[in-house]
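Inspection log for the structure reproduced underneath, given as structure tokens.
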Amino acid sequence: MRILITNDDGIHSPGLTALERIARTLSDDVWVVAPETDQSGVAHSLTLSDPLRLREISDRHFALRGTPTDCVIMGVRKVLPGMPDLVLSGINRGQNLAEDVTYSGTVAGAMEASILGIRSIAVSQAYDWDVGSEPNYATAEAHAPELFKKLIDFPLPPHTLLNVNFPACAAEDVKGMKVTVQGHHEQSGLTIDERRDGRGYPYFWLGFQDRGKSILANSDLHAVGEGYISVTPLRIDLTAHDMVEQLAGALV
């Protein structure tokens with residue numbers, strides 16, 4: 001089995017190194033094509049107005065000056081000697097749950113693989129960023145190999161990907177695994193933090209705030225918050241199928 005790994009935190013991310021160790025428990029044919037710099041929050045974007053610069057770091061390890069989506073396309077179309085059987089994207093520094101999957105470059109890397117017809121899994125490790133801690137990737141490393149073996153054997157329909165999130169706890173404290181739906185926060189978590197530079201000019205940071213709990217009891221948010229590994233099947237198709245006939249009738 002040939003595995004392609006990417007992420008959105010960059011080629012030097014500890015999470016990428018942890019994911020490669022996990023991948024090597026599944027296969028010895030592992031390739032890494034990851035962004036040269038941090039691409040968190042770029043979602044499913046392509047680099048169309050600038051050239052893509054590819055740099056070989058070491059054997060089967062490449063850094064690309066581009067997005068996670070660029071990395072998957074470059075890996076599949078240029079770098080690898082043939083199509084990968086699996087794309088793993090992550091391990092993201094922090095959870096990718098609920099509405100945040102639409103911002104996530106990690107999820108987008110897996111999404112692009114799915115569009116290309118390749119089985120893909122987005123992988124994220126939750127952590128308590130409020131207290132300045134770093135993710136404990138050992139939790140994902142302890143549980144991912146056996147979980148991924150089961151997910152690889154599961155028959156996924158076309159244009160479907162899996163979003164896996166590990167809870168912010170020690171490996172031995174994980175309560176189990178839950179198959180979940182994409183959650184929904186009670187309110188938006190984005191705020192504007194206005195500051196002043198050394199000459200008094202304003203500049204702005206996007207910040208995050210507490211958004212409350214998920215309004216869905218079987219959601220990814222609930223599972224990870226309660227100490228479970230969350231596995232959420234996601235589709236590329238964003239159509240609200242339940243509204244198609246109703247909307248068509250209203251436009252007659």
Q) When the Kirkwood hydrodynamic radius is evaluated over all pairs of different C-alpha atoms of the stretch 1-45, what value in angstrom, to one decimal, is obtained? A) 11.0 Å
**Q.** Computed over the stretch 77-208, the ratio Rg/Rh where both radii use C-alpha atoms and Rh is Kirkwood
**A.** 1.05
Q: Could you check which residue among Asn96, Asn163, Asn136 shows the biggest mean-square fluctuation in a GNM of the chain with a 10 Å Cα cutoff?
A: Asn136
Q. How would Lys178, Lys78 rank on accessible area, largest to smallest, probe 1.4 Å?
A. Lys78, Lys178
Q: Report the FRET efficiency, 1/(1 + (r/R0)^6), for Glu56 and Glu245, where r is their Cβ-Cβ distance and R0 is 41 Å, rounded to 0.05.
A: 0.20
Q: Write down the percent of antiparallel bridges among all DSSP beta bridges whose residues are both part of the stretch 113-252, to the nearest 5.
A: 55 percent
Q: Grab the Cα-Cα distance for Glu172 and His159, subtract it from 0.36 nm times how many residues apart they are, and report the gain in nm with one decimal.
A: 1.3 nm
Q. In the chain, what percentage of the DSSP-assigned beta bridges are antiparallel, given to the nearest 5?
A. 40 percent
(Q) How compact is the stretch 1-126 by the rule of thumb for globular proteins, expressed as Cα Rg over 2.2 N^0.38 Å? (A) 0.92
(Q) Below 8 Å, C-alpha to C-alpha, sequence gap of six or more: please give me the relative contact order for the chain in percent. (A) 17 percent
Q: Could you rank Glu20, Glu226 by how accessible they are, 1.4 Å probe, largest area first?
A: Glu226, Glu20
**Q.** For peptides 28-35, 196-203, sequence by mean Cβ density within 10 Å, most packed first
**A.** 28-35, 196-203
Q.
Cut-off 10 angstrom, C-alpha nodes, Gaussian network model of the chain. Which of Asp50, Asp173, Asp220 fluctuates the most?
A. Asp50
Q.
Below 8 Å, C-alpha to C-alpha, sequence gap of six or more: please give me the relative contact order for the stretch 134-252 in percent.
A. 33 percent
(Q) From zero outward in steps of 5 Å, how is the percent of C-alpha pairs of the chain spread across the bins? (A) 1, 6, 13, 17, 19, 16, 12, 8, 5, 3, 1, 0, 0
Q.
How much accessible area per residue does the chain have, counting only protein heavy atoms and a probe of 1.4 Å, in square angstrom?
A. 53 Å²
Q. With every protein chain kept in the model, how would you rank Leu52, Leu19, Leu247, Leu221 by accessible area, 1.4 Å probe, largest at the top?
A. Leu247, Leu52, Leu221, Leu19
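The values are calculated or read from the model by the stated rules, or taken from the named source; none is laboratory data. Just so you know, these numbers come straight off a predicted model, no measurement behind them. A quick note on method: Cβ atoms are made from the backbone with ideal geometry, for glycine too, and the neighbour counts reach across all protein chains shown. Keep in mind that these areas ignore ligands, DNA and RNA; they rest on the heavy atoms of the full protein, side chains included. Shrake-Rupley method; radii C 1.70, N 1.55, O 1.52, S 1.80 Å.
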